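Following: one structure in structure tokens, then a few remarks.
The values are calculated or read from the model by the stated rules, or taken from the named source; none is laboratory data. Fair warning: this is a prediction, and the values are worked out from it, not measured in the lab. All Cβ positions, even for glycine, are placed from backbone atoms using ideal geometry, and neighbour counts span all protein chains on display. Surface areas here come from the heavy atoms of the whole protein model, side chains and all, with no ligands, DNA or RNA. Shrake-Rupley method; radii C 1.70, N 1.55, O 1.52, S 1.80 Å.
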Amino acid sequence: QVQLVESGGDLVQAGGSLRVSCAASGSTFSFNVMGWYRQAPGKQRELVATITSRGGINYADSVKGRFTVSRDNAKNTVYLQMNSLKPEDTAVYYCTYRDYGGDYWGQGTQVTVSS
């Protein structure tokens with residue numbers, strides 16, 4: 001089992017920045033993929049960004065150039081730096097962890113961007 005603990009969600013004004021973090025603990029494998037999805041009210045959950053333990057990165061087109069995903073493998077922690085935030089970025093942001101043992105999700109952290 002893997003446990004994910006997210007932190008950093010907040011209310012921010014449009015154009016502002018925010019960083020969310022997610023720490024994984026438990027039975028983790030050295031090769032894994034961590035990342036972020038988000039779900040806005042009335043919408044389906046969507047990919048934001050993922051990063052492998054070897055540094056491979058994938059972004060949704062909607063956040064390219066504004067968001068940066070990074071990780072600290074020693075701490076099993078993934079970060080999402082969000083800049084130039086827009087009201088449409090408002091959502092619950094979920095951390096994910098995937099390895100050979102399965103997929104795991106965090107409880108979600110609310111990010112609200114006011115216009």
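Enumerate the aspartates and glutamates that K64 could reach by cross-link, defined here as Cα to Cα under 18 Å, with residues fewer than 8 away along the same chain left out.
E46, E88, D89
Using alpha-carbon positions, what is the distance between the centroids of the stretch 32-68 and the stretch 73-100, in Å?
7
Which value, in Å² and to the nearest 10, is the accessible area of I57 when all protein chains are kept and the probe is 1.4 Å?
90
Just by accessible area at a 1.4 angstrom probe, what is the order of L11, L18, L47 from largest to smallest? The partial results should precede the final answer.
Values: L11 115, L18 25, L47 50 Å².
If we order L11, L18, L47 from most to least accessible, we get L11, L47, L18.
Just to verify a number: FRET efficiency for Q81 and F29, C-beta to C-beta distance, R0 = 25 Å, to 0.05?
0.50
Using only C-alpha atoms and all pairs of different ones, pull out the Kirkwood radius for the stretch 58-115 in Å with one decimal.
After inverting the pairwise mean of 1/r, the radius is 13.0 Å.
Given H placed on each backbone N at 1.01 Å, which residues far from V48 in sequence or on other chains put an amide H within less than 5 Å of it?
W36, Y37, R38
Using a 10 Å Cβ count of at most 12 others and DSSP loop calls, identify the longest part of the chain lacking such trypsin sites (Lys or Arg not before Pro).
Result, exposed sites excluded: 65-115.
Leaving out ligands, DNA and RNA, and with a 1.4 Å probe, what % of the accessible surface on the stretch 50-99 is carbon or sulfur?
Carbon-and-sulfur percentage of accessible area, whole number: 45.
How high is the relative contact order of the chain? Use alpha-carbon pairs under 8 Å, at least six apart in sequence, and give a whole percent.
36
Sticking to Cα atoms, compute the Rg of the chain to one decimal and its Dmax as the biggest Cα-Cα distance, whole number, in Å.
13.4, 42
Principal axis extents for the stretch 27-73, Cα atoms only, whole Å, descending order, please.
Each principal axis gives a Cα extent; for the stretch 27-73 these are 36, 26, 12 Å.
Hey, which aspartates and glutamates would be in cross-link range of K86, C-alpha to C-alpha under 14 Å, not counting anything within fewer than 8 residues on its own chain?
D10
So how exposed is F29, as accessible area in Å² (1.4 Å probe, rounded to 10)?
Rounded to the nearest 10, the figure is 100 Å².
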